[in-house]
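Single-structure report; data block below.
The values are calculated or read from the model by the stated rules, or taken from the named source; none is laboratory data. Since this is a predicted model, take the numbers as computed values, not measurements. Using ideal geometry, Cβ is built from the backbone for each residue, glycine included, and neighbour counts are taken over all protein chains shown. The protein model used for the area step is the full one, side chains on, heavy atoms only, and it has no ligands, DNA or RNA in it. Shrake-Rupley method; radii C 1.70, N 1.55, O 1.52, S 1.80 Å.
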Amino acid sequence: SQGIMNKSERATVAHFVLLGFPGPWKMQITLFSVIFLVYMLTLTGNLAIICAVWWDHRLHTPMYILLANFSFLEIWYVTCTVPNMLVNFLWKTKTISFSGCFTQFYFFFSLGTTECFFLCIMAYDRYLAICHPLHYPSIMTGQLCGILVSLCWFIGFLAYSIPIFFISQLPFCGANIIDHFLCDVEPLMQLSCDPTPIVGHIFHSMSCFIIILTILYILGSYTLVLRAVLQVPSSAGRQKAFSTCGSHLVVVSLFYGTIMVMYVSPTSDNSFAIHKIITLIYSVGTPVLNPFIYSLRNKDMKCALHHVICGMKIIHSS
């Protein structure tokens, strides 16, 4: 009878309610407008990079292929949370189905993990280009680039599939209100009526391991890059390398700074409002900055984007 009881209790939660950012209607409209604008900028900027790399044959090199993949990833990363958030700003019933919630949870974490690995590969690519310029073309071949990109996607989507499946199997009974704008691990674990979910600890340990391992690798790569840059005799060469790496490090710092506060430090003391703001920074803020940081500092990319925009103008005018 215990089994039947659990089954019927679990069946009571068919959907969750995402509170998002509760407040007066005027505030909802303001937040909707700001986040909608940021979302459109993110899509436009990242799509422009993909088009530029696709159409300009001079950009068919590992560095730009990685960048195009990264932009493609960012488009999906914002799309798995933002449209749902925008709807909730305008809707009275802020519900998300049980399966919808766990699908969002899975994609949000898988894409976030893939982003960590992509930032590693991009750091490795810059390390090779600056520290081993003569060997770079023979090491970073199109084939190796393809393998690394595929591994990023594969490991990113495999890493959390089992823990998230087990979290979805936990008994959820009674309360179904999530004080967040997306289905995240912490609020979901709090709603489970299993008092000691081991899977929660496994999930937290995995997150810490992946975040710490990748950030150490990225910092190690850039330390070697900076050491090499400081030995460059010409100040113009130094400046070019500094500006490239500096802009990469801005993205890395913002993304990692916020995810470490969320998933590495013990965050139970932080209020839900702080959680939401931090999540907003790394899930919506960094994807909009990437196109500006990675492309506007780059002469070849600027030139290619110029061709893309001019090409579009010609198409429209004809």
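Keeping all protein chains in place and using 1.4 angstrom, which order do 293, 162 fall into by accessible surface area, from largest down?
Details: 293 30, 162 110 Å².
Descending accessible area places them as 162, 293.
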Q: Give me the number: length gained by fully extending residue 292 to residue 26, i.e. 0.36 nm times residue separation minus the C-alpha to C-alpha distance, one decimal in nm.
A: 92.7 nm
Q) Within the set 26/276; 92/276; 276/302, which residue pairs have Cα atoms separated by over 29 Å? A) 276/302
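In deg cm²/dmol, rounded to 500, what helix-only [θ] at 222 nm does the chain give when every DSSP H run of at least 4 residues adds -39500 (n - 2.57) and the total is split over its residues? Don't skip to the answer; put the middle values down first.
Details: 14 runs with 239 residues, N = 318.
Value at 222 nm, helices only: -25000 deg cm²/dmol.
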Q) Sorted by accessible area with a 1.4 angstrom probe, largest first, how do 113, 61 fall? A) 61, 113
**Q.** Cβ-placed point charges (K, R +1; D, E -1), dipole of region 15-316 about Cα centre in debye, nearest 20
**A.** 900 debye
Q) Mean Kyte-Doolittle of at least -0.5 and a Cα length of 18 Å or more along the axis: which whole DSSP H helices of the chain meet both? A) 25-55, 62-79, 98-131, 142-159, 198-230, 235-263, 299-317
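Rank by packing, highest mean first: peptides 125-134, 79-88, 26-35, with packing defined as the count of other Cβ atoms within 10 Å averaged across residues. Could you put the intermediate results ahead of the total?
Details: 125-134: 16.8, 79-88: 18.5, 26-35: 13.9.
The most tightly packed comes first, giving 79-88, 125-134, 26-35.
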Q.
Taking all protein chains in place and a 1.4 Å probe, what share, in percent, of the accessible surface of the chain do carbon and sulfur account for?
A. 73 percent
Q.
Normalised by the empirical 2.2 N^0.38 Å for globular proteins, what value does the Cα Rg of region 74-152 take?
A. 1.61
Q) Just the Cα atoms of the chain: what Rg and Dmax do they give in Å? A) 21.8, 78
Q. How much accessible area per residue does the chain have, in Å², with a 1.4 Å probe?
A. 51 Å²
Q: For region 132-161 and region 28-49, compute the distance between their C-alpha centroids and round to whole Å.
A: 30 Å
Q. Out of 95, 66, 153, whose Cα points farthest toward the positive end of the dipole of the chain (charges: +1 Lys, Arg; -1 Asp, Glu; placed on Cβ)?
A. 66
